[in-house]
1. Efficiency by 1/(1 + (r/R0)^6): what FRET value for residue 80 and residue 44, r their Cβ-Cβ distance, R0 = 30 Å, to the nearest 0.05?
2. If you take the beta carbon distance between residue 62 and residue 140 as r and set R0 to 22 Å, what does 1/(1 + (r/R0)^6) give as a FRET efficiency, to the nearest 0.05?
3. Would you list, by chain and number, the aspartates and glutamates whose Cα falls below 15 Å from the Cα of residue 194, excluding same-chain residues fewer than 8 positions away?
4. For the range 75-201, what's the relative contact order in percent, using C-alpha pairs closer than 8 Å and at least 6 residues apart?
5. By per-residue mean of other Cβ atoms within 10 Å, what is the highest-first order of 33-40, 168-175?
6. Just tell me which aspartates and glutamates come within less than 14 Å, Cα to Cα, of residue 140; anything on the same chain fewer than 8 places away is out.
7. So how strong a dipole does the range 114-200 carry about its Cα centre when Lys and Arg Cβ are +1 and Asp and Glu Cβ are -1, to the nearest 20 debye?
8. Taking the Cα-to-Cβ direction at residue 69 and at residue 183 and moving 7 Å from each Cα, how far apart do the two end points lie in nm?
Amino acid sequence: MGTSEAMAGAPRGGRGARERILRAAVELFARDGIHATGIAKLTDVAHVSTRTLYQHFPSKEALVSAYVQRVESEPEGPVHAETALERSDLSARERLLELFAERPADSPPAKVVRGCPLHNTAVEAAGTMPEAAALVERHKREFIARLIKTAAEAGAYEPETLGRQLAVLFEGARALSTSLNDTPPFQDARELAKTLINQATGPT
């Protein structure tokens, strides 16, 4: 059952309204885009009134900012791949490569490769939603810092260079996968990541 169907029977407004609005935003913004998702669609899917939505989020930018923070915090959400850098069961080198792991063989292929929702938000928010854009920028800078730290743990001669290169590779693979609506860019990126890591640390 999808998010829309799950919320269809919820009471209109009342307790849980804020959570339903956020869940609707996660579904609709990622699927249809921020600008293409109007307030009427959000209130319909969240099963709340327009008044209730604005009681919780006084502007669409406030909702988009809350959406960015929700996407960041979801343990199995669309930025879950980045948590590979925190795994304690892998070496630092393995954690860097795990960022580019292929989809498990038993996972069904996605009908649409959506890419990074934070990147997509930055594109849509540029020049119009400075608070949301700043949240995305902060997340991406922290991600690069985590890559640099992991590269240092892996023994890179110049960890900042390796970390920044892997960030470009990771973000580029996600963007190209979205454009092609296919996942082979991640397979190519993994091979390139191996080469970069070996050059920076020496082969295993």
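1. 0.60
2. Efficiency, from the Cβ-Cβ distance: 0.55.
3. 94, 98, 102
4. Numbers: 128 pairs, mean separation 37.1, N = 127.
In percent, rounded to a whole number, it is 29.
5. By packing density, highest mean first, the sequence is 168-175, 33-40.
6. 72, 82, 171
7. 120 debye
8. Distance between label points: 3.2 nm.
A short reminder: the numbers here are calculations on the coordinates, not readings from a lab. Since this is a predicted model, take the numbers as computed values, not measurements. Positions of Cβ are backbone-derived with ideal geometry, glycine not excepted, and every protein chain shown enters the neighbour counts.
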